[in-house]
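As structure tokens, the structure follows; a few thoughts come after it.
The values are calculated or read from the model by the stated rules, or taken from the named source; none is laboratory data. Not measured: the values here are computed from a predicted model. Ideal geometry is used to build each Cβ from the backbone, glycine not excepted, and the neighbour counts take in all protein chains shown.
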Amino acid sequence: MSKPRDYELWAERIDDLDRTQLTVEQTNAIEAFDRAFEILKKTPSPEPSADFTRSVMARLAPRPQPQPQPQPSLRTRLLRWMHAHPFAGWQFGGAAFAAMIIGLVFVPLQPDPIGASRSGIGSMAQSAPAAGTEFVLYAPQASEVLVVGDFNGWGSAGAVKLQPAANGTWRAQIKLNPGQYQYAFVVNGKQWLADPGAMRHVDDDFGRKNSILLVM
Amino acid sequence: MANWSEGTPDEELVELCRAGHLQAFSVLVERHKRKVFQVVYRVLGNEAASDDICQEAFITAYQKLDLFHGRCKFSTWVCQIALNKGRDALRGVEQRTVHEDIAEVAQFLPASPDDEPSRRLEADQEARLMQSLLDRLPPAYREVLVLKHIEEYSYEEMAIMLETSVTNVKTRTFRAREAFRNLLEGCHEQAA
């Protein structure tokens, strides 16, 4: 086996060289190098200042938490869309007419309370205008559940807190006028969650899903 | 109510911080401040400046916590931030030439290993000599030698801290070793 050249000596292979193959000069150089760093390693470095952690913590501001974004009402968004598409009014008119027909056909469809997911987090908003609409979420691990939607300005007019009920469910009743609403749950103040028991969902403008509620 | 203790893993503490539990960050600071400080101090060689830079690094880490994706250890990430800040601090500071004042420090070296009086050489003097040799290297070389040969990080961890490739780190380490070896030999020649 040939002796390593100086280049190899100081390259990566310094870590696992067979030192029996080195020349005396190379051995001396390596040993001097190793000794230098043994000394440096053993040299105690000073400690961070005594009030290091306190100083850092005193200069930290609480991190801003993501807030549910107030979403413009359906009417506002519709007007914006029409403003951005001035020549599409007639198309919209046709679409609105078609939606009305579809609505007439499908309005009798109601969410099936039994169909709500009961594994993990699941929920159901049940439409019952006389007593209010009941929002139910199955979230046994949650410490707080809010419902936000266009009926309460997406929380800006006061998010409604669901109350813990039996079997890991959370419930709240809200009186709503007949109409179609978008809503979502906010779990533990940070997790935006579409209602898994809702019949329909739509994409919001922020990459999340909202649930659709129809109150008659 | 979220709970944590001194034994809570870094990843959980980071998540708690992200969720707004400010005080969880104090556990992270307490846990890693010494390691981060040591790395920065070895590179900068100035206690007060290292302390300031490390505090700034932890504050930046907290503010940029959303950018920490757990692809490396939390301490490695804070070291990366601290080394960046250390580099900024060194920028503009006049770098001393490699061999200047070498004779001054060489007086601390023993004339030969068997020279009995030299045995009395204080360990701290020897350490100071080695540190002064290290201080004479360009910061880029000093960084890799500190990380590799004193703090014993892997090349992969060093690549993360120095924000470069493993190949670049190896090349830079090789050159730094050569530079340090030259200093060391020059020092011994002066002492002979």
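In the list A:44, A:48, which residue meets the criterion of being facing another protein chain (nearest Cβ under 10 Å) and either exposed (fewer than 15 other Cβ atoms within 10 Å of the Cβ) or modelled with pLDDT under 65 (or both)?
The match here is A:44.
Out of A:139, A:159, A:166, report the one residue that is out of contact with any strand residue (DSSP E or B) (no Cβ under 8 Å at 6 or more places or on another chain) and among the hydrophobic types (A, V, I, L, M, F, W, C).
A:166
Consider residue B:106 carefully, then state whether it is within 14 Å of chain A (Cβ to nearest Cβ), at pLDDT below 65, in contact with a helix residue (DSSP H, G or I) (Cβ under 6 Å, 6 or more places away or on another chain) and surrounded by fewer than 19 Cβ atoms within 10 Å (Cβ to Cβ).
The answer is yes for residue B:106.
When you look at residue B:99, is it more than 11 Å from every other protein chain (Cβ to nearest Cβ), touching a Leu at 6+ places or on another chain (Cβ under 8 Å) and either modelled with pLDDT under 90 or crowded, with 20+ Cβ neighbours inside 10 Å (or both), yes or no? Walk me through it before giving the result.
Numbers: more than 11 Å from every other protein chain (Cβ to nearest Cβ): yes; touching a Leu at 6+ places or on another chain (Cβ under 8 Å): yes; either modelled with pLDDT under 90 or crowded, with 20+ Cβ neighbours inside 10 Å (or both): yes.
Spelling it out, residue B:99 is indeed more than 11 Å from every other protein chain (Cβ to nearest Cβ), touching a Leu at 6+ places or on another chain (Cβ under 8 Å) and either modelled with pLDDT under 90 or crowded, with 20+ Cβ neighbours inside 10 Å (or both).
Look through B:40, B:78, B:29 and report the one residue that is within 7 Å of chain A (Cβ to nearest Cβ) and assigned to a helix (DSSP H, G or I).
Numbers: B:40 fails: within 7 Å of chain A (Cβ to nearest Cβ); B:78 fails: within 7 Å of chain A (Cβ to nearest Cβ).
Step by step, each of B:40, B:78, B:29 is checked, and only B:29 is within 7 Å of chain A (Cβ to nearest Cβ) and assigned to a helix (DSSP H, G or I).
Filter the strands (runs of 3 or more DSSP E) completely within the range A:148-201 down to those with at least 2 residues that are over 15 Å from residue A:132 (Cβ atoms) and in contact (Cβ under 8 Å) with a residue 60 or more places away in the chain.
Of the strands (runs of 3 or more DSSP E) lying wholly inside the range A:148-201, those with at least 2 residues that are over 15 Å from residue A:132 (Cβ atoms) and in contact (Cβ under 8 Å) with a residue 60 or more places away in the chain span A:179-187, A:191-193.
Could you run through the range B:134-150 and say how many residues are in a loop (DSSP other than H, G, I, E, B) and either crowded, with 16+ Cβ neighbours inside 10 Å or in contact with a Lys or Arg (Cβ under 7 Å, 6 or more places away or on another chain) (or both)?
The total comes to 2.
Collect the residues in the range A:27-41 that are within 52 Å of the chain's Cα centre (by Cα) and within 7 Å of another protein chain (Cβ to nearest Cβ), keeping them in residue-number order.
Within the range A:27-41, A:33, A:36, A:37, A:39, A:40, A:41 meet the criteria.
One line per residue, one yes/no per condition, for (1) at positive phi; (2) in contact (Cβ under 8 Å) with a residue 12 or more places away in the chain; (3) surrounded by fewer than 23 Cβ atoms within 10 Å (Cβ to Cβ):
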| position | (1), (2), (3) |
| --- | --- |
| B:20 | yes, no, yes |
| B:24 | no, yes, yes |
| B:31 | no, yes, yes |
| B:35 | no, yes, yes |
| B:38 | no, yes, yes |
| B:48 | no, no, yes |
| B:52 | no, no, yes |
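Are any residues in the range B:137-156 under 15 Å from residue B:175 (Cα atoms) and among the aliphatic types (A, V, I, L, M), and if so, which ones? So that I can check it myself, show each step before the final result.
Here is the first cut: in the range B:137-156, the ones under 15 Å from residue B:175 (Cα atoms) are B:137-149, B:155.
Hits for the range B:137-156 are B:137, B:140, B:144, B:145, B:146, B:147.
Of the conditions (1) among the small types (Gly, Ala, Ser); (2) in a helix (DSSP H, G or I); (3) facing another protein chain (nearest Cβ under 7 Å), residue B:20 fails just one. Which one is it?
Tallying (1) among the small types (Gly, Ala, Ser); (2) in a helix (DSSP H, G or I); (3) facing another protein chain (nearest Cβ under 7 Å), residue B:20 fails exactly one: (2).
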